[in-house]
Amino acid sequence: MDKRRQEKIYELLKRGLKLTETGEELPAEWAREFFPPERREYELVYNGKETEEQILADTMAVPFQEVSTFGQNGVDWHNKLIFGDNLQAIKTLLQMKADGKLVNADGTPGVRLIYIDPPFSTRRDFKGSQDQKAYQDKIAGSAFLEFMRKRLILLKELLANDGGIYVHLDYRKGHYIKVLMDEIFGEQNFINEIIWSYRTGGVSKNFFARKHDNIYYYAKNGNFLFNTQYYKSYQQKKYNFSEKYPEFFDKDKQKWYHNSVCRDVWEDIYPLGTEADSKERVDFPTQKPEALIKRIIEASSNKGDIVMDVFAGSGTTSATAEKLERRWIAIDVSKLAVYTIQKRMLTLRKNISNTGESLAAKPFTLYNAGLYDFENLRNLPWEDWRFFALQLFECKDEPHKIHGFQMDGKRQGSSVHVFNHFKEGQISQQTIADLHASIGKAVGDRCFIIAPRGAFLFQEDYLEMDGVRYYALRIPYSFINELHRRKFSALVQPNDEMAINETVEAVGFDFIQPPVVELELAAKKQAVSVKIKKFESKARLRGEDKISKHDALSMVMVDYDYNGKVFDLDKAFYASAIKDNKWKIELPTKEIKGDVMLVFLDIYGNESRIVITPKVLRAKAKK
Ligand SMILES: C[S@@+](CC[C@H](N)C(=O)[O-])C[C@H]1O[C@@H](n2cnc3c(N)ncnc32)[C@H](O)[C@@H]1O
């Protein structure tokens with residue numbers, strides 16, 4: 001056990017008595033350290049499997065930065081759409097739960113229901129390309145299992161005591177994840193394996209056609225919330241149940257025995273796109289039907305409960321939750337998904353399958369988690385900046401003084417000072433020497449100083465004086481090896497349609513650095529042609545080379561009638577297709593209804609926005 005861990009245990013033991021007096025809970029990672037779960041008879045063993053304590057302790061929380069709020073802020077709750085890696089965002093939500101900020105309408109803490117449909121692409125399975133091995137390891141191998149396991153461990157902590165989780169998978173990975181869920185949630189908390197069976201797509205004659213998905217349903221505890229689900233009579237008619245299940249149907253009375261209670265094989269819900277009248281399609285490759293999510297939400301939550309999807313995709317869960325009057329949280333690491341959800345929530349229809357009158361969504365806020373707008377941050381009042389800075393480096397807001405010198409908080413037991421660059425200017429080696437002269441060894445062996453990168457006049461991660469290390473925590477800063485056991489890795493945005501269903505893992509945080517874009521426009525009768533003459537991403541992770549020019553483009557998203565306020569996604573062009581078209585995109589004239597907003601996204605999630613007005617287009621047309 002390393003020294004820092006020993007110190008932490010000592011500190012917790014010292015606080016132990018106080019914890020019982022105040023009724024405070026022991027943090028989850030330490031509860032397991034002191035009271036380890038009983039040894040299992042068997043478990044799934046694979047490369048790189050970390051301990052639960054390690055995962056809980058090592059995952060960074062990243063603060064949420066408000067980007068925009070749609071509708072007025074709710075009094076006690078507003079729904080959340082979060083752009084960022086879900087693991088880090090879940091850790092932040094865990095903190096909110098501990099602070100009493102994640103409550104259902106009935107006052108109970110925690111998320112009542114989680115539904116997830118995680119990505120596991122198989123697009124390169126048959127390609128036999130050189131990178132197949134690395135790809136297989138990432139998506140199909142142990143890395144995928146650990147990717148999922150980490151998230152499931154944290155999700156369990158986030159659930160309300162009577163909450164439940166549904167994990168949507170198929171025959172490829174389902175059985176592995178089920179074993180992991182048995183380990184994490186306990187076999188006794190396994191409730192159902194739902195078979196969602198359908199008839200769409202091709203069939204093979206060489207084996208039985210694979211025509212179902214598996215949805216694993218676990219409860220957090222024995223006393224879980226469950227509302228019995230019944231087949232609706234129109235479904236019974238539509239899907240011809242009386243003939244399919246004659247044993248449950250009394251033909252003379254034309255009635256069902258046992259109300260035809262919903263079983264664990266679901267054949268009455270059709271995948272999207274097979275019904276001609278589908279109004280819910282939003283052009284997202286892995287979109288699931290609202291009817292499927294409706295059954296899950298109605299079974300495992302009540303009105304006013306928090307329903308969460310951390311692989312939100314096109315936002316089926318939030319859209320359905322909104323229609324069923326639940327609270328919701330949606331997280332996705334892809335900008336395309338986030339803009340798709342934003343649009344979907346702003347153009348909802350009342351009924352499931354998106355028909356009927358329009359429905360104004362209750363207020364919701366879009367947040368960035370892990371990729372921040374530094375300009376907005378810079379303009380924050382000092383107190384807000386100070387709080388954000390503390391959160392960013394996972395420090396406790398705990399002002400205290402050492403020999404009269406004001407400290408702002410604690411990080412892993414050591415003092416933290418948030419440098420007021422507004423007032424105090426810059427930090428040189430001499431500033432640290434002066435600080436050391438006044439506080440000396442009273443600060444312990446470490447002290448952290450948070451400030452904007454530009455405020456530090458030295459390059460080192462820390463300066464050591466008399467055995468005391470003064471760490472420079474720079475904002476924005478992509479990487480601090482000393483403090484985090486794992487390397488930071490950037491967000492990755494898809495650059496073709498198939499990449500939408502790939503796992504993405506981003507660790508750490510960074511600040512938005514808009515790419516440089518130069519365009520050449522040509523307005524013709526049928527279409528406006530936009531040539532991307534220059535594209536250069538400014539994002540860079542420490543120690544990693546910048547990806548060259550156009551290769552860093554992820555996609556171009558278009559709003560054909562930009563209203564000057566909200567970007568309303570109408571169309572996405574993936575970089576792979578733009579490249580094939582010699583870095584040109586064609587905007588059909590018939591689609592253009594006013595100002596056109598183009599969002600150029602780099603693969604790290606940074607965007608540059610360009611508005612093309614009708615006036616510019618007319619001028620181009622004349623030429
Ligand atoms: C299969 S799709 C979900 C589809 C969704 N159920 C629907 O109905 O539209 C998986 C989503 O997970 C997202 N994703 C992948 N890795 C992620 C991560 N680490 N954090 C958050 N979202 C992630 C992808 O961007 C993708 O949108």
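Taking other C-beta atoms within 10 Å as the exposure proxy, Met555, Met597, Met308 rank Met597, Met555, Met308 from fewest upward. For the pair the range 417-436 / the range 586-621, the C-alpha centres are spaced 45 Å from each other.
Its Cα gyration tensor gives the range 376-475 an equivalent ellipsoid. The semi-axes, each the square root of 5 times an eigenvalue, are 20, 16, 12 Å from largest down. Ordering of 43-52, 419-428 by packing is 419-428, 43-52, highest average first (other Cβ atoms within 10 Å, averaged per residue). Derived scalar couplings between HN and Hα for the range 159-169 equal 5, 5, 4, 9, x, x, 10, 10, 10, 9, 9 Hz in order, rounded to whole Hz, by the Karplus curve 6.51 cos²θ - 1.76 cosθ + 1.60 (θ = phi - 60°), x for Gly and Pro.
With neighbours defined as other Cβ atoms within 10 Å of a residue's Cβ, the residues Asp309, Asp568, Asp496, Asp250 order from fewest to most as Asp250, Asp496, Asp568, Asp309.
The H on the amide N of Val111, modeled in the peptide plane, is under 5 Å from the matching H of Leu159, Ala160, each at least 5 residues off or on a different chain. Length available on full extension from Asn379 to Leu346: 0.36 nm per residue minus the Cα-Cα distance, which gives 9.0 nm. Pairs spanning more than 24 Å between alpha-carbon atoms, out of Lys91/Lys294; Lys335/Lys571; Lys80/Lys335; Lys49/Lys396; Lys288/Lys565: Lys91/Lys294; Lys49/Lys396; Lys288/Lys565.
For the range 342-413, state which GluC sites (Glu not before Pro) are in a DSSP loop and have at most 16 other beta carbons lying within 10 Å of their beta carbon. Please report the intermediate quantities before stating the final value.
On the way: sites: Glu357, Glu375, Glu383, Glu394; in loops: Glu357, Glu394.
Loop-located and lightly packed - Glu357.
With a 10 Å Cβ neighbour count serving as the proxy for reagent exposure, in which order, fewest first, do Lys303, Lys582, Lys335, Lys156 appear? Write down the numbers at each step before the final one.
Numbers: Lys303 11, Lys582 8, Lys335 24, Lys156 20.
The order, fewest Cβ neighbours first, is Lys582, Lys303, Lys156, Lys335.
Taking 0.36 nm per residue of separation and subtracting the current Cα-Cα distance, fully stretching the chain between Glu41 and Lys401 would add 124.5 nm.
The simple spin-label model puts a point 7 Å past each Cα toward its Cβ; for Thr613 and His212 those points are separated by 6.0 nm. Working from the Cα coordinates of the range 343-383, the gyration tensor eigenvalues give, after taking √(5λ), semi-axes of 35, 11, 7 Å in decreasing order.
Working out 0.36 nm times the residue gap between Glu66 and His550, then minus their Cα-Cα distance, what length gain in nm do you get to one decimal? Before the final figure, lay out the partial values.
Numbers: separation 484, 0.36 × 484 = 174.24 nm, distance 2.99 nm.
Extending this stretch completely gives an extra 171.2 nm.
None of the figures in this text is laboratory data; all of them are computed from the coordinates on show. It should be emphasised that the depicted structure is a prediction, and the values quoted were computed from it without experimental measurement. Glycine gets a Cβ as well: all are built from the backbone with ideal geometry, and neighbour counts include every protein chain shown.
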